[in-house]
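Notes follow the structure.
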Amino acid sequence: MCVVVVIGAFGLCGYVFVVANQAVNRAQARVYILANGKALEAVAGDRKENIPVEARDHIRNFHLLFFTLDPDEKVIEDDLNKALYLADGSAKRVYTNLKESGYYAGVISGNISQRVMPDSVVVDFSGYPYHFRYYGQETITRATSIVTRDLVTEGYLRDVLRSDNNPHGFLIERWVVVENRDLRVEQR
């Protein structure tokens, strides 16, 4: 009788351990976020499920930071520094060429605002590193005119560790501007 009770106790302990472990795993997959005084539940997922969404967002963020300019030297510098954390030396070369040619000084002295609007981002996940092509439009607002340009760039995405400066964990490599031509010029 004593042996049966001991075996039953061990069986019950094992069952409780398995059930408790499953409950802890379910609880760890939930995150509660406090927004405007309300608790919202967020569910953790596997990164592989989100790679396409994160890759496109990484590319959009890079282009937004790199091509959106206002006539403020500090804002331009801060945004470009953030953008350069998301890409390799190919973006740094484009930045250096624009800076040396006086492009950013012209934006500041001419009170020019530049905005970029993404049309689409196409990423090929069939090979690694992932090839992408970005399609968008730039709007450059000057004192006398508004210029709309077609913007097409391409490059490759490589996985890197996530950080505060690179939250998606991708690095843009071999980035080139394929097309940046005027579509229309409107007088103000």
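Taken about its Cα centre, the stretch 86-154 carries a charge dipole of about 260 debye when Lys and Arg each add +1 at the Cβ and Asp and Glu each add -1 at the Cβ. Only one item in (i) 13.1; (ii) 15.5; (iii) 17.3 matches mean projected area of the Cα convex hull in nm² derived from the coordinates shown, and that item is (iii). Karplus-derived 3J(HN,Hα) values for the stretch 139-148, using 6.51 cos²θ - 1.76 cosθ + 1.60 with θ = phi - 60°, are 10, 10, 9, 10, 5, 10, 7, 10, 9, 10 Hz; glycine and proline are entered as x. Pairs of Lys residues in the chain that lie 8 or more places apart, or on two chains, and have C-alpha atoms under 17 angstrom apart add up to 4.
Computed over protein heavy atoms with a 1.4 Å probe, the carbon and sulfur contribution to the accessible area of the stretch 1-109 reaches 62%.
Once the Cα atoms of helix 73-84 and of the chain are each reduced to a long axis, what angle between those two axes, in degrees from 0 to 90 to the nearest 10, is obtained? Roughly 50 degrees between the two axes.
Send over a whole-number figure in Å² for the accessible area per residue of the stretch 101-146, probe 1.4 Å.
About 52 Å² of surface per residue is accessible.
Selection among Gly106, His58, Asn36 by position relative to the dipole of the chain gives Asn36 as farthest towards the positive end (Cβ unit charges, Cα centre).
Per-residue ellipticity at 222 nm computed for the chain from its helices equals -14000 deg cm²/dmol, with DSSP H segments shorter than 4 residues left out and the rest contributing -39,500 (n - 2.57).
When +1 charges are put on Lys and Arg Cβ atoms and -1 charges on Asp and Glu Cβ atoms, the dipole computed for the chain relative to its Cα centre reaches about 280 debye.
The values are calculated or read from the model by the stated rules, or taken from the named source; none is laboratory data. The structure presented is a predicted model; accordingly, all values stated were derived computationally and were not measured. Note that we place each Cβ from the backbone using ideal geometry, even for glycine, and neighbour counts take in every protein chain shown. Protein only, heavy atoms only, side chains kept; ligands, DNA and RNA dropped before computing areas. Shrake-Rupley method; radii C 1.70, N 1.55, O 1.52, S 1.80 Å.
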